[in-house]
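The values are calculated or read from the model by the stated rules, or taken from the named source; none is laboratory data. None of these values were measured; they are calculated from a predicted model. Backbone-built Cβ (ideal geometry, glycine too); neighbour counts: all protein chains shown. Ligands, DNA and RNA are stripped out before the accessible areas are found, and what is left, the full protein with its side chains, is counted by its heavy atoms. Shrake-Rupley method; radii C 1.70, N 1.55, O 1.52, S 1.80 Å.
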Amino acid sequence: MADRYRAILIGNSSYPVDEHNLPPLIGPRNDIVALRDALQDPGQGLFGPGSVTLQPDGSMQEVLVGLDEFFTTAGRDEVLLLYYSGHGRLDEYGNLYLCTRDTRADRLRSTSISSRAVDGIIEGSAASRVIIMLDCCHSGAFKGADMVRAFEGTGRYVLTSCRAQELANDASAEDGTSLFTGQVVAGLRTAPAARSTAGHLTLEELFEFTRNGLAELGRQRPQFKADGEGGLAIARRRARPTRPAAPTLHVSEVRLDLGQVEAGETLPAERVYVEARDSEGAPAPWTVECDADWIATSRHMEPERLELLVTPRAGHSRANVHVRNAATGESRTIRLHLQVQPAPGPSRPPAAGPDLVKAAELAQRKFAQQATDRKKVAQLEHLITLGWAIPLKPGADPAPELPAGAVQTARNRNPGPRPVADTRSRSALGGPVRYIRDRIDGLPRTFRARRPGSGYARDQADRLFREIVEAIDQRRPLPFSADDLLKIKFAREPNGYIETEVDAALKKTADMLRQQVMVQYHVKCTADMNHMISRISGLRASLRRCRSGDGYDPAEVDNLFQMILDFRAGASPLPMPVEQLDRVHFTVVPGGYSEAEVGAALQKIKGMLR
């Protein structure tokens with residue numbers, strides 16, 4: 001392209017002059033680096049080497065000089081990008097100020113950069129097109145202000161992190177970016193598909209990508225306004241490589257590890273979901289072959305699946321099941337592995353020698369004792385699986401009627417809840433729930449990406465399973481019912497997860513959620529959640545305003561309490577770690593809430609959420 005692109009990226013994380021009203025931020029110092037790398041990406045960036053200037057943690061004078069130098073030296077054919085990440089404050093007249101290292105919240109006009117000052121510098125530039133991208137905070141760890149109106153003008157493209165009076169998140173990790181900038185960088189990196197065959201990503205498309213991403217992650221709503229030519233390019237699209245034909249056969253499992261089993265043991269049928277299509281994409285028939293006679297195979301429809309009935313035999317530990325697409329000839333191999341313990345048998349008596357009768361009697365009694373021990377261990381395994389608490393007293397056998405080491409053997413085979421002091425209690429939400437939680441947590445790690453081709457969006461699939469696991473960990477009601485889980489539709493993306501594997505995992509998860517123990521768990525968590533919400537609402541209602549003097553801003557306090565209630569109800573994530581709840585900074589206003597009462601209430605809530 002003939003246009004030359006240049007950018008100045010300003011990020012202010014620290015405000016040492018007024019830390020009480022302008023607490024440090026995590027995101028800005030990471031934001032400007034991540035955005036620079038995306039803009040200068042060798043394959044997609046339109047910004048050449050040396051065209052991006054970084055200004056981290058500058059003073060008001062340093063930032064103004066840098067802006068004046070950047071815009072004054074621009075030519076008419078240049079496209080300029082101004083980016084700012086940091087605190088943004090409003091004065092009593094609604095004017096926006098960008099905060100710098102030496103800003104004081106009570107002296108905004110003399111210690112920060114007003115939108116009018118930035119507007120004047122831009123007006124004096126010869127550049128005909130200017131992109132303004134603002135990720136500004138309003139107070140504490142949240143961001144917000146009405147920024148589009150403050151910076152609109154001819155030839156300008158304004159993209160901001162949120163609308164007026166809305167909140168936007170800072171980074172949640174030390175090496176992370178803010179939520180808005182993270183989505184912008186992701187859009188530049190992935191260059192989402194265009195509506196046309198154009199080879200460049202436009203600002204409008206970048207905004208659409210960012211808005212959709214933020215809508216999925218939370219309540220933040222960015223805004224965009226263009227007062228210039230439409231379709232301004234911001235990045236190149238990667239050339240689409242020529243890809244071979246997509247696979248025509250998919251199976252949900254390619255390896256089945258059944259662990260330790262006994263010869264002749266009856267095992268539940270293993271289900272493998274199969275999808276076969278012809279070269280035109282229409283459903284195709286498929287066949288199955290197995291090289292082991294101790295595995296019986298059967299086909300089922302709606303959904304199309306293969307069931308394997310395994311009857312373990314001594315001396316056999318591996319088998320291969322071959323699935324073949326009858327239309328295209330493509331095949332997949334399911335590898336099955338198990339460890340077979342031989343069934344015990346009576347000792348063979350010696351052929352000759354003295355005391356034959358005595359030796360035979362001893363062997364017979366030993367075999368009978370072993371059989372009894374195995375039966376008791378199996379019963380103990382069943383109790384642990386159901387969640388019964390097994391007694392464990394110092395210096396005593398956990399169960400005198402069981403053989404030595406039986407409890408440990410049973411736990412090694414089927415880990416359940418750990419022993420507790422009360423030997424008579426039974427927890428219906430113990431081992432079984434933990435076992436189901438671990439199974440659900442492990443399912444996404446089995447998913448494979450479809451290469452080449454497209455599949456289910458990986459972030460969406462991972463997030464769905466993560467929400468279920470987090471709900472169990474946090475003892476919250478499950479976010480989905482079993483029936484709702486099967487109705488969920490994922491977006492598609494290049495190299496996404498193979499659909500049949502994700503669908504099979506969803507069916508397994510739905511089956512586990514329908515179990516009685518999970519139904520009871522959901523009912524109990526719902527009751528606990530309602531009780532905690534009632535306690536938090538009571539604390540919020542008990543807060544009193546100061547009749548004389550200053551206190552915490554009621555709007556900010558009420559907003560934080562509402563976020564806590566939404567988090568406990570599972571509607572949205574908590575915007576900060578639980579440990580930092582009692583360290584939140586509020587604006588002090590006349591007639592606000594009592595500072596002592598707010599602090600005490602947040603301390604109680606922190607204890608409840610732990």
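Here are the numbers:
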| quantity | calculated |
| --- | --- |
| All positions within segment 313-330 that are at pLDDT 85 or above and either aliphatic (A, V, I, L, M) or more than 14 Å from residue 290 (Cα to Cα) (or both) | 319, 321, 323, 325, 326, 327, 328, 329, 330 |
| Extreme residue, farthest from residue 215 (Cα to Cα), among residues of segment 538-576 that are open to solvent by 40 Å² or more (accessible area, probe 1.4 Å) and among the polar types (S, T, N, Q) | 548 |
| Which numbered condition residue 117 misses (of (1) farther than 19 Å from residue 158 by Cβ; (2) open to solvent by less than 50 Å² (accessible area, probe 1.4 Å); (3) assigned to a helix (DSSP H, G or I); (4) touching a helix residue (DSSP H, G or I) at 6+ places or on another chain (Cβ under 8 Å)) | (1) |
| Wholly enclosed strands (runs of 3 or more DSSP E) of segment 256-307 bearing at least 1 residues surrounded by fewer than 16 Cβ atoms within 10 Å (Cβ to Cβ) | 286-290, 295-300 |
| Count of residues meeting criterion [aliphatic (A, V, I, L, M) and farther than 13 Å from residue 325 by Cα] in segment 276-308 | 6 |
| Those residues of segment 293-321 which are touching a residue at least 40 places away in the same chain (Cβ under 8 Å) and more than 37 Å from the chain's Cα centre (by Cα), in sequence order | 295, 311, 312, 313, 314 |
| Residue match in segment 509-517 (condition: out of contact with any Cys (no Cβ under 7 Å at 6 or more places or on another chain), closer than 21 Å to residue 443 by Cβ, of a type in the set (A, V, I, L, M) and outside any helix (DSSP H, G or I)) | no |
| Criterion (of a type in the set (D, E, K, R), closer than 30 Å to residue 465 by Cβ and either open to solvent by 30 Å² or more (accessible area, probe 1.4 Å) or modelled with pLDDT of 85 or more (or both)) met by exactly one of 604, 508 | 508 |
| Residue check, residue 578 touching a helix residue (DSSP H, G or I) at 6+ places or on another chain (Cβ under 7 Å), closer than 30 Å to residue 480 by Cβ and of a type in the set (A, V, I, L, M, F, W, C) | yes |
| Selection within segment 523-537 - farther than 16 Å from residue 606 by Cβ and either open to solvent by 50 Å² or more (accessible area, probe 1.4 Å) or of a type in the set (Gly, Ala, Ser) (or both) | 523, 524, 527, 528, 530, 531, 534, 537 |
| Qualifying position, being aliphatic (A, V, I, L, M) and open to solvent by 20 Å² or more (accessible area, probe 1.4 Å), among 588, 502 | 588 |
| Pairs where the first residue, in segment 526-538, is within 16 Å of residue 472 (Cα to Cα) and at pLDDT below 85 and the second is open to solvent by 50 Å² or more (accessible area, probe 1.4 Å) and of a type in the set (Gly, Ala, Ser), C-beta under 9 Å, 6+ apart | 529/569 |
| Tally, over segment 92-101, of residues that are in contact with a Leu (Cβ under 7 Å, 6 or more places away or on another chain) and part of a strand (DSSP E or B) | 2 |
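Matching residues to (1) under 29 Å from residue 606 (Cβ atoms); (2) over 19 Å from the mean Cα position of the chain (by Cα); (3) modelled with pLDDT of 85 or more; (4) crowded, with 19+ Cβ neighbours inside 10 Å:
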| residue | (1), (2), (3), (4) |
| --- | --- |
| 446 | no, no, yes, no |
| 449 | no, no, yes, no |
| 458 | no, no, yes, no |
| 470 | yes, no, no, no |
| 476 | yes, no, no, yes |
| 495 | no, no, yes, no |
| 517 | no, yes, no, no |
